[in-house]
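The values are calculated or read from the model by the stated rules, or taken from the named source; none is laboratory data. All figures in this text were calculated on a predicted structure; none of them were measured in a lab. Using ideal geometry, Cβ is built from the backbone for each residue, glycine included, and neighbour counts are taken over all protein chains shown.
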Amino acid sequence: MIVKSTGLSLEEHYREFVYPLLDKRNVNWMLVCRPSEKRIDSLEGKGTEKEHYEPGVSIHVNTWHRILPILKGIIAQVANEQGIPLELDRLLEKNTLPLDDEAGYRIALIFLLAKGIRDLDRVELIAHRVSRFTREEAAYWHSRCTDYGDVQNRWGKKGLAIMLCGESGDEDMCGILESA
């Protein structure tokens with residue numbers, strides 16, 4: 001398959017345009033998409049060597065497949081420094097992908113909130129709503145869920161999840177998901 005923006009095959013496009021962004025650490029986020037693992041890692045302030053980052057938030061494979069169309073929409077918006085789309089949504093299945101701050105914060109927030117929620121309808125609704133966040137909104141809520149003590153982080157995640165998709169067992173949630 002040929003990538004529209006570069007005219008290269010997917011493999012060549014990844015090797016020449018996408019991988020150098022990871023290798024040089026020009027990005028703050030990295031999405032790891034392996035058959036056995038789906039994970040988002042923050043690279044911000046982690047140095048330039050590959051050994052310096054800690055694995056981030058991972059999600060269950062069933063959750064991944066349920067929210068994959070939404071994630072593709074977020075990832076499709078990632079562009080290089082010249083504003084040319086990297087078409088990362090086409091490279092999603094077997095690669096480690098660099099993400100800009102907007103996509104990174106959104107996906108990290110979705111993964112954080114999805115962790116521990118068994119109802120996939122609720123997770124999908126969270127993903128729909130977080131995908132509409134601006135970069136600033138996503139960064140703010142990500143900080144409220146990660147930058148404080150354990151108790152405050154837990155409260156931030158729980159409160160945001162309730163605001164976005166209601167409580168577990170809420171019968172009105174399915175109607176709202178259909179209209180999302």
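Each residue in the range 138-156 was checked for being closer than 13 Å to ALA108 by Cα and surrounded by fewer than 20 Cβ atoms within 10 Å (Cβ to Cβ), and 5 pass. Restricted to helices (runs of 4 or more DSSP H) entirely inside the range 86-149, those with at least 1 residues that are in contact with a Lys or Arg (Cβ under 6 Å, 6 or more places away or on another chain) and within 30 Å of ARG15 (Cβ to Cβ) are 101-114, 135-146.
Every condition in (1) over 15 Å from ILE67 (Cβ atoms); (2) surrounded by fewer than 23 Cβ atoms within 10 Å (Cβ to Cβ) holds for TYR105 except the one numbered (2). Hey, among the residues in the range 56-86 that are among the polar types (S, T, N, Q) and closer than 14 Å to ILE110 by Cβ, which one's modelled with the highest pLDDT? Top of the filtered list is THR63. Taking the criterion of being over 18 Å from the mean Cα position of the chain (by Cα) and either at pLDDT 85 or above or of a type in the set (Ser, Thr, Tyr) (or both), the only residue of the range 21-52 that qualifies is THR48. Among the residues of the range 108-124, those that are of a type in the set (A, V, I, L, M, F, W, C) and surrounded by fewer than 21 Cβ atoms within 10 Å (Cβ to Cβ) comprise ILE117, LEU120. With respect to the stated conditions, LYS115 fails to be over 14 Å from the mean Cα position of the chain (by Cα) and in contact (Cβ under 8 Å) with a residue 40 or more places away in the chain. Checked against (1) crowded, with 24+ Cβ neighbours inside 10 Å; (2) touching a residue at least 40 places away in the same chain (Cβ under 8 Å), ASP100 meets all criteria but (1). The set of residues from the range 69-85 being outside any loop (DSSP other than H, G, I, E, B) and under 20 Å from ALA139 (Cα atoms) comprises ILE70, LEU71, LYS72, GLY73, ILE74, ILE75, ALA79. Among the residues of the range 78-99, none qualifies, meaning not one is under 13 Å from the mean Cα position of the chain (by Cα) and among the basic types (Lys, Arg).
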